[in-house]
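Participant: Once you've had a glance at the structure underneath, I'll fire off some questions.
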Amino acid sequence: MKNPQNIQELARLTPDYMGFIFYPESPRYAGELDSGIVRALPKSIKRIGVFVNESVKEIRKKYDEYGFDYIQLHGNESPEVCREIAEFCPVIKAVSVYSSDDIRNAEKQYSGVAEYLLFDTKTPQYGGSGQKFDWQVLADYNGETKYFLSGGIAPEDTERIKNELSVDMVHSLDINSRFESEPGIKDIEKLRIFIKEIRNEQDK
């Protein structure tokens, strides 16, 4: 998220989390966003600062400025870096997934360090591909760290998510590009329908 009006519109749908990317090469870069807009979000919406291979000093600066509830690391950050950040804010560590080995190795590396893992599709870039990986590899995951599922989740995936994924381990769904009218601008109506269906909410 990066547009103040779009942020306020989405907040009315009460998502569990809202992410703000501080990676200058991303088309969703939120570096110019007024921190007061983020801090004004309802406490029920957890605020996530997303960084890629950023220094701990800069992450701490943004954490203090924006009041993040979580720090998501989407680069090649080591367990040691994650541990250092976790001293002041819980960490969500993104993992690029192609095969079962990727998720097993992630659990070995980051168990006890990251609050959650985030499984995204392996590409040459740092996320944002809008592509799915093979969800069948998730069946081989037996780690204790719950995870966010990311990578090309679309409005039409609702039934597949409900039928195929283990609700015991999938902590949250990270939805992004397939719900946008342009990078960083969310299609509120698409999100409203998807959130309602995922939460099994009835029309009022």
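The values are calculated or read from the model by the stated rules, or taken from the named source; none is laboratory data. Everything numeric in this text was worked out from a predicted model, so none of it was measured. FYI the Cβ positions are ideal-geometry reconstructions off the backbone, even for glycines, and counts take in every protein chain you see. These area figures cover heavy atoms from the full protein model, side chains too; ligands, DNA and RNA do not enter into them. Shrake-Rupley method; radii C 1.70, N 1.55, O 1.52, S 1.80 Å.
Participant: If you check Glu32 against the conditions, is it free of Cβ contacts under 8 Å to residues at least 40 places away in the same chain and under 18 Å from Ile185 (Cβ atoms)?
Facilitator: In short, yes.
Participant: Also, I was wondering about something else. Kindly indicate whether Gln72 is out of contact with any Asp or Glu (no Cβ under 8 Å at 6 or more places or on another chain), in a strand (DSSP E or B) and either among the basic types (Lys, Arg) or under 22 Å from Glu180 (Cβ atoms) (or both).
Facilitator: Details: out of contact with any Asp or Glu (no Cβ under 8 Å at 6 or more places or on another chain): yes; in a strand (DSSP E or B): yes; either among the basic types (Lys, Arg) or under 22 Å from Glu180 (Cβ atoms) (or both): yes.
For Gln72, the condition - out of contact with any Asp or Glu (no Cβ under 8 Å at 6 or more places or on another chain), in a strand (DSSP E or B) and either among the basic types (Lys, Arg) or under 22 Å from Glu180 (Cβ atoms) (or both) - is met.
Participant: Next up: Ala30 - would you say it is buried (at least 20 other Cβ atoms within 10 Å of the Cβ) and more than 21 Å from Glu115 (Cβ to Cβ)?
Facilitator: On the way: buried (at least 20 other Cβ atoms within 10 Å of the Cβ): yes; more than 21 Å from Glu115 (Cβ to Cβ): yes.
Yes.
Participant: Hey, can you tell me all the residues within region 74-87 that are open to solvent by less than 30 Å² (accessible area, probe 1.4 Å) and free of Cβ contacts under 8 Å to residues at least 40 places away in the same chain?
Facilitator: Residues satisfying the conditions are Glu77, Pro79, Cys82, Ile85.
Participant: Where in region 89-204 are there strands (runs of 3 or more DSSP E), lying fully within it, with 2 or more residues that are open to solvent by 50 Å² or more (accessible area, probe 1.4 Å), at pLDDT 90 or above and within 24 Å of Asn3 (Cα to Cα)? Please lay out each step first, then the result.
Facilitator: Values: elements: 91-97, 116-121, 147-149, 170-173, 180-182.
It comes to 180-182.
Participant: Can you tell me which residue within region 35-67, out of those that are in contact with a Lys or Arg (Cβ under 7 Å, 6 or more places away or on another chain) and of a type in the set (A, V, I, L, M), is farthest from Ile185 (Cα to Cα)?
Facilitator: Leu41
Participant: Kindly establish whether Ile7 is of a type in the set (A, V, I, L, M, F, W, C), assigned to a helix (DSSP H, G or I) and open to solvent by 20 Å² or more (accessible area, probe 1.4 Å).
Facilitator: Taking the combined requirement at face value, the residue does not satisfy it.
Participant: Of the numbered conditions (1) out of contact with any helix residue (DSSP H, G or I) (no Cβ under 7 Å at 6 or more places or on another chain); (2) under 27 Å from Ile198 (Cα atoms), Asn53 fails exactly one; give the number of that condition.
Facilitator: (2)
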